[in-house]
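Take a look at the structure below.
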Amino acid sequence: MDVSTSYQTPVKTTASADKQKNDKNYDTFLKMMTTQIKNQDPLNPMSADQLAVQLATFSGVEQQTKTNDLLAQLLGQNALSGMGQMVGWVGKEARIAAPAYFDGATPVTLSPNPAQAANRAVLVVADQNGKEVSRTELPLGSADYDWQGRDSQGKALPKGVYALTLESWQGDKVIDTSPVEYYGKISEIRSTADGVAALLPGGVEALVAGVTAIREKPAS
């Protein structure tokens, strides 16, 4: 399991990639049509009907390119609008299922949610290389739990980003496996190729669509 941490500026958005593709097709069509007209047989020139069809196609391609440009502008405006609505989230804590950063000392507040039929709940922690570093039995229920950042031997784990998974057990059988939600402080709201995202501790980036709660950071 690869745990993604740092934000990387996308090289292209989907809209810009589509625009470049359409622009290329538009230019190619124009060159082909111009070449065809230049090299047509003077004794058997292109009929007016054929020329009309190609001109209509040319016009359609041009209109599609302009439409795509407009859609790209609208998408950009929507992203800015979304960020503007969420600027108040900066400095607050978001509850979200995403990789969590452990600073080597401060507990991470988890919000586990075991399956209703479970009679055991186990927190499974993996490092950035996907290696399992600890398994901890948690109390059943949805109460917050402070993960202390310890390995299976009870030793403090090094600073880093960890994947947190909850296994819901019924007897000797795992009936559900799901990411664990935790509270992380939002330091930035930004637009990405996949949508508006929140920047969390450790460079973890998560889409705001996955945020299930926002709260003020509790007093120390």
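Since every read-out is calculated from the coordinates, none of them should be taken as a lab result. All values derive from a computational prediction rather than experimental measurement. Glycine gets a Cβ as well: all are built from the backbone with ideal geometry, and neighbour counts include every protein chain shown.
Before moving on, here are some points about what is shown:
- Charge sum, other residues only, whose C-beta stays under 13 Å from residue 104's C-beta, Lys/Arg counted +1 and Asp/Glu -1: +1
- Cβ crowding within 10 Å, taken as a proxy for footprinting-reagent exposure, orders 111, 142, 178 from fewest neighbours to most as 142, 178, 111.
- Label-point separation, residue 215 to residue 146 (7 Å along Cα→Cβ), nm: 1.3 nm
- Among 92, 173, sorting on how many other beta-carbon atoms sit within 10 Å of each Cβ, with the fewest leading, yields 173, 92.
- Scaled to the globular estimate 2.2 N^0.38 Å, the Cα spread of segment 89-220, given as radius of gyration, is 1.05.
- At an R0 of 35 angstrom, the distance between the Cβ atoms of residue 135 and residue 87 translates into a FRET efficiency of 0.35.
- Net lengthening on full extension, residue 153/residue 106 (0.36 nm per residue, minus Cα-Cα): 15.1 nm
- If you take all other residues with their beta carbon under 10 Å from the beta carbon of residue 166, and give Lys and Arg +1 and Asp and Glu -1, the sum is -3.
- In a DSSP loop and with at most 15 other Cβ atoms within 10 Å, the trypsin sites (Lys or Arg not before Pro) in segment 116-145 are 131.
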